[in-house]
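Here the structure comes first, spelled out in structure tokens, and everything after it is commentary.
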Amino acid sequence: MQNDTILLAQLNPIVGDIQYNLAKALEYLEQAQKKGIKLVVYPELFLLGYPPMDIVERYPLIAEENLKALEEFAAKCKNTSALIGFCEFNKQNRGKKYFNSVAYINNTKIEKIIRKSLLPTYSEFSESRYFEAAPFLSKDRIINFGNYRAGIIICEENWNDDSFFEKPLYSFDPLKTLAEEQKPDFIINLSASPARAKKEQLLNNLLSHCAKKYSIPILYVNQTGSTDCITFCGTSRVYNEKGEIIARAKSYEEDFFEVTPYKSEINRIEPLPKGIEKTLNSQKEFSLDYEPDLERTYLTVTNSIKDYFRKNGFKRAVLGLSGGLDSSCCAVLLADALGADNVIGVSMPSKITSSQSKNDARELADNLGISFFEIPIKDMTDASSATFNKVFEDIQTVWGDFRYKAPLTFDNIQARSRAMILWGISNEFSSTIPVATSDKSELYMGYATINGDMSGGFAPICDITKTKLFALARWMNNNRQVKNAIPEAILLKPPGAELAINPKTGKPLLAEEALMPYEFLDEIIWRLENLQQSAAKMLEEKFLYEKKHTVTKEQKKLWLEKFAQRVQFAQFKWSIMPPGPIVDSRSVTRAEYVQPITSKLKF
């Protein structure tokens, strides 16, 4: 062969934007043709965009357009072959309407169509809602590439090895069948595999294991970019027949990635986000050492912000700056993702807000170079309270016995007044949305106000716990080009919403006073999400917090009971939370976890 290089086209599609995706595909094809590359491999379902969710069910015209784009793309494949993912109509008289398919194009002709056989329906995946699982015939998975025979699999078909997973999900293993029956020279895996905590370690270990097990090189091409809550990190790669990685593309960006999988020498190996390679094993116990995952978390969130704004036509963000940790971290992430000129921070003090908080918010904005305004909300809250008090008195004549003894009305009036200001700015200036600043720990406890601090078009830190957020803040202070953007006073300040006064101290109520120590709370969340432990089991386990502090069994039980009560009550709040990036190995976002609001559970 003149050129035996394969191009892994690591690209960032937009779901449903067929012409955009086609233009991307053609751009890389033309570059490959100029270089004499003979085969270009694109990610799974590339022409339609992944994940399509229910869009193809509601709008079949999009599927028809993606077929027209496939024909147009095929006509351009002269002297260069291609493997490209697309959405295919199921023409059989039974089953779901579509197949998740890959077309092999050679000399402008679609020579073979390969249909996905294993459809993930867990976590953020819901493919079986609209795709039909295709029968797996190994002979139909082989394409000829010069003197080589390549076996083709599609994403999930690589994730069912019975010697790697304790309990495989499916009844058969496509990779095993393909490798043993056809003995191809190498495997090509077209994927759209999302990023999250521990995913890189799992992916690396799995692909290495399979390549070594079958003594066969594996090429893995993955998309990059974000769609709503789901972020794809790219990092396409190649493993040789010994299971050694010999090529890896860039992380979190598009990459024109040339590889030679059938040669054992090292190709280009791009670095992973700093820290990930320090631990390639699953975490077995809760730890506050977040360092190995902080750059990946930062890149996941900033890329998610970039794509959510760009793909949806937004350019600018406005957020409330309270002088606290959550809004400060959001401001840094937004400034880095969108540019400081496109971010406005608004301090909206009430009569409870301390002068220190106002000063901290202004200092943060100055450090970041974002625009800053201070808009007191006293007049709004006073007017609202006066109006409500008259209404409440009238309603009490009807429902008197049901009035709360210690209502949260004034607390929430403050939060909702602030949201009204942010939404007003958004309504007044084009391509602008407000950002919700709630973190994962507080969402679990329902410690956030509907139409208040939960209100916004995007929630950047909704899947980051408070203790991890503190670590991320320090990481950003040390690793951004401009150091120490977040003032040290914010990092040392105990978190608190400054919405109410603690009657015991006479000072603004702190979050840990209303809830429990964050270190303890975050371990409850970790144990629930990763180990699925009950409260009774947790009561017998020794928490990391208990190794540093004396906690009675009675106090521990009270905290666990509070968590159970509040997480149940928080479900209706989760249901209206704006989208935000999945970050952790298990997520609180409804893209992954859905619990009936009308439900009762014993934790």
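The values are calculated or read from the model by the stated rules, or taken from the named source; none is laboratory data. Since we're looking at a predicted model, the values are computed, not measured. Ideal geometry is used to build each Cβ from the backbone, glycine not excepted, and the neighbour counts take in all protein chains shown. Remember, those area values only see protein heavy atoms, side chains included, never the ligands or the DNA or RNA. Shrake-Rupley method; radii C 1.70, N 1.55, O 1.52, S 1.80 Å.
F286 falls short of the stated requirement of being modelled with pLDDT of 95 or more and either surrounded by 15 or more Cβ atoms within 10 Å (Cβ to Cβ) or not basic (K, R) (or both). Scanning region 513-527 for residues that are in a helix (DSSP H, G or I) and at pLDDT below 95, we see that the one that is surrounded by the most Cβ atoms within 10 Å (Cβ to Cβ) is A514.
Listed here are the residues, each with its yes/no results for (1) open to solvent by 60 Å² or more (accessible area, probe 1.4 Å); (2) under 21 Å from the mean Cα position of the chain (by Cα).
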position	(1), (2)
D307	no, yes
I352	no, no
P376	yes, no
S385	no, no
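Listed here are the residues, each with its yes/no results for (1) surrounded by 14 or more Cβ atoms within 10 Å (Cβ to Cβ); (2) within 24 Å of L288 (Cβ to Cβ).
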| site | (1), (2) |
| --- | --- |
| E541 | yes, yes |
| K548 | no, yes |
| T552 | no, yes |
| K557 | yes, yes |
| Q565 | no, no |
| F572 | no, no |
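For region 121-135, a residue qualifies if it is part of a loop (DSSP other than H, G, I, E, B) and either farther than 24 Å from S587 by Cα or at pLDDT 95 or above (or both), and the qualifying residues are E132, A133, A134, P135. Based on this model, can you work out whether V398 counts as farther than 16 Å from L499 by Cα and free of Cβ contacts under 8 Å to residues at least 60 places away in the same chain? Considered against the rule, which asks whether it is farther than 16 Å from L499 by Cα and free of Cβ contacts under 8 Å to residues at least 60 places away in the same chain, V398 comes out as yes. Among the residues making up region 429-475, a single one is acidic (D, E), assigned to a loop (DSSP other than H, G, I, E, B) and open to solvent by 10 Å² or more (accessible area, probe 1.4 Å): D453.
The criterion of at least 1 residues that are within 22 Å of the chain's Cα centre (by Cα) is met by the following strands (runs of 3 or more DSSP E) wholly inside region 136-206: 148-154, 186-191.
For T505, the criteria (1) within 20 Å of G323 (Cβ to Cβ); (2) open to solvent by 30 Å² or more (accessible area, probe 1.4 Å); (3) polar (S, T, N, Q); (4) under 28 Å from the mean Cα position of the chain (by Cα) hold in every case but one, which is (4). If you check F46 against the conditions, is it modelled with pLDDT of 95 or more, closer than 16 Å to S236 by Cβ, of a type in the set (F, W, Y) and crowded, with 21+ Cβ neighbours inside 10 Å? In short, yes. Within region 111-138, the set of residues being open to solvent by 50 Å² or more (accessible area, probe 1.4 Å) and either touching a helix residue (DSSP H, G or I) at 6+ places or on another chain (Cβ under 8 Å) or more than 17 Å from K97 (Cα to Cα) (or both) comprises E111, K112, T121, Y122, R129, L137.
Scanning region 455-495 for residues that are of a type in the set (S, T, N, Q) and farther than 28 Å from P579 by Cβ yields N478, Q481, N484. Condition test on A485, is it surrounded by fewer than 17 Cβ atoms within 10 Å (Cβ to Cβ), touching a Leu at 6+ places or on another chain (Cβ under 7 Å) and more than 20 Å from K573 (Cα to Cα)? Criteria not met by A485.
When the test is whether a residue is at pLDDT 95 or above and acidic (D, E), E253 passes it.
Of all residues in region 368-379, at least one satisfies being assigned to a helix (DSSP H, G or I), at pLDDT 95 or above and on the phi < 0 side of the Ramachandran plot.
State whether one or more residues within region 72-83 are at pLDDT below 95 and open to solvent by 30 Å² or more (accessible area, probe 1.4 Å). Looking through region 72-83, at least one residue is at pLDDT below 95 and open to solvent by 30 Å² or more (accessible area, probe 1.4 Å).
Among all positions in region 576-592, there is at least one residue which is open to solvent by 70 Å² or more (accessible area, probe 1.4 Å), among the hydrophobic types (A, V, I, L, M, F, W, C) and under 30 Å from I230 (Cα atoms).
Within region 354-374, how many residues are among the hydroxyl-bearing types (S, T, Y) and open to solvent by 50 Å² or more (accessible area, probe 1.4 Å)? Adding up the residues that qualify gives 2. If you go through region 476-512 and keep only what is at pLDDT 90 or above and assigned to a helix (DSSP H, G or I), you end up with M476, N477, N478, N479, E488, A489, I490, L491, L492. Exactly one residue out of L7, L61 is modelled with pLDDT of 95 or more and buried (at least 18 other Cβ atoms within 10 Å of the Cβ), and it is L7.
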